[in-house]
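Note sheet for the following structure.
Coordinate-derived values only; no laboratory data. Bear in mind the structure is a predicted one, so any value in this text is a computation, not a measurement. All Cβ positions, even for glycine, are placed from backbone atoms using ideal geometry, and neighbour counts span all protein chains on display.
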C-alpha cells in the first residue's frame, strides 16, 4: 500500500452490501509535516455533504452537476467511498469514488477523485484498492471502469486492463 | 426500425423507473412465413422464468451462471428488457438485455442476446433501440457498454462510439 498502512484492518464487522464501514490509515507522507495530530480515514458511509463533494470536484476542475442528481446517484450507487483528512476536530473530504452494480456479477467504478493537495502520495492507489477490496468482498467478479487517457496507466498499475480480448468500452451518442 | 413497426407506441403510461411497460411489434420478416397468428413484444416486466433465460443464453453458447446470482442481478438491474415471440397461446423468450445504473447519470448495458432463430432480421437493433429509449426516458445521459470485438460494428451503427476522446474501457484482474 506504499505510504499507507491499515491500522484497523480487522475492525470491519459486516459483509452486507450497502452497510457502511470505516477504516483509518496512517498518512506517513504528511505526518512528518503536520505532526501526530493528523489522520486519514476511508469510509463507505453515504452521509456526505453535497457541498463538500462539489468543492472537491471543483478543485480538480470537473464540470458542476445538479446536486439533486448527485444525491440520487449516490443513493443508487452500490458502493460509495469517501476519504477524509482529520486535523484536530476538523475533517475535510479529500477523496471519493463510487460504483454502480447489479449486486451479483458486474460493478463499474465512477467519479474517482483525490484533492490536488493530496495527490502524488499514493492516496489514489489506496482509494482504488479500498474500493476494489469492498467490491470483491461482496463477491463482484467483474470490476470495470472507463478511464480518461491520462489515467489509463494509473489504472493499469492497479490491475485494470484496457480492451481485454478486444472488448471495447463504448458510449452512446444521439444520432 | 427496419423490419420493425411499433404498433402500440402510445400505450406507455409511466415514466417511473422500474415500472414495467410492454410494447408489441409486428415482425414483418416472419409474418409471411408463419401467417398472421404471430407477434413479438418487448417488455420491461421482470417476471422472467430463469430457466427460459438460461435456455436463451445456452442457445448462443454463453457459459452458464448460477441462477441464484442471475436472479439477484435482474432484481438489482435498473432496466430489464425481454423480447417474446407469441404463436397462438404459446410464448417464447427470444431476446434479452439489462442495464445497471445510478438512476441519475450513467447506465451500462449488459447481457444483450437474441436467439439465433431470430438473428439477422433487425431484432437486435430493435432490442437495443428499445433499451436506449427506455434509458433516455429516465433521463440517463451517459449510456455505455462493453462490446466483444465481433459486435463493435453492430453497436457503432446504433450510435455507440468506441474509446471516445481516448476514454478506455478497462477490466480489473486480480494481480
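Couple of notes before you dig in:
- Separation of the residue A:141 and residue B:161 label points, Cα + 7 Å toward Cβ, nm: 3.4 nm
- Seen from every direction in turn and averaged, the convex hull around the alpha carbons of segment B:86-137 projects onto 4.5 nm².
- The other copies place their residue A:87 label points at 7.4 nm from this one, listed shortest first, where each point is 7 Å from Cα along Cα→Cβ.
- Whole-angstrom gap from segment B:64-111 to segment A:45-63, using each part's C-alpha centre: 33 Å
- Counting neighbouring Cβ atoms within 10 Å and putting the fewest first, the residues B:172, B:62, A:84 line up as B:62, A:84, B:172.
- Per-residue average of Cβ from other chains inside 10 Å of B:157-168: 6
- Closest approach to the A/B rotation axis among chain A Cβ atoms, residue and whole-Å value: A:169, 1
- Per-residue mean of foreign Cβ neighbours for A:136-145 is 3 (Cβ atoms of other chains, 10 Å radius).
- Cα convex hull of segment B:46-167, projected area averaged across orientations, nm²: 8.4 nm²
- Computed E for residue B:22/residue A:38 - FRET, C-beta separation, R0 51 angstrom, nearest 0.05: 0.30
- The other copies place their residue B:62 label points at 3.1 nm from this one, listed shortest first, where each point is 7 Å from Cα along Cα→Cβ.
- Averaged over residues, the count of other Cβ atoms within 10 Å places the peptides A:92-99, B:85-92, B:161-168 in the sequence A:92-99, B:161-168, B:85-92, highest first.
- Estimated distance in nm for a label pair at residue A:64 and residue A:133, the labels positioned 7 Å out from Cα along Cα-to-Cβ: 3.6 nm
- In plain terms, the chain from residue B:154 to residue B:91 could stretch by 20.0 nm, reckoned as 0.36 nm per residue minus the Cα-Cα distance.
- Sorted from closest to farthest, the other copies place their residue B:152 label points 1.2 nm away, with each point set 7 Å from Cα along Cα→Cβ.
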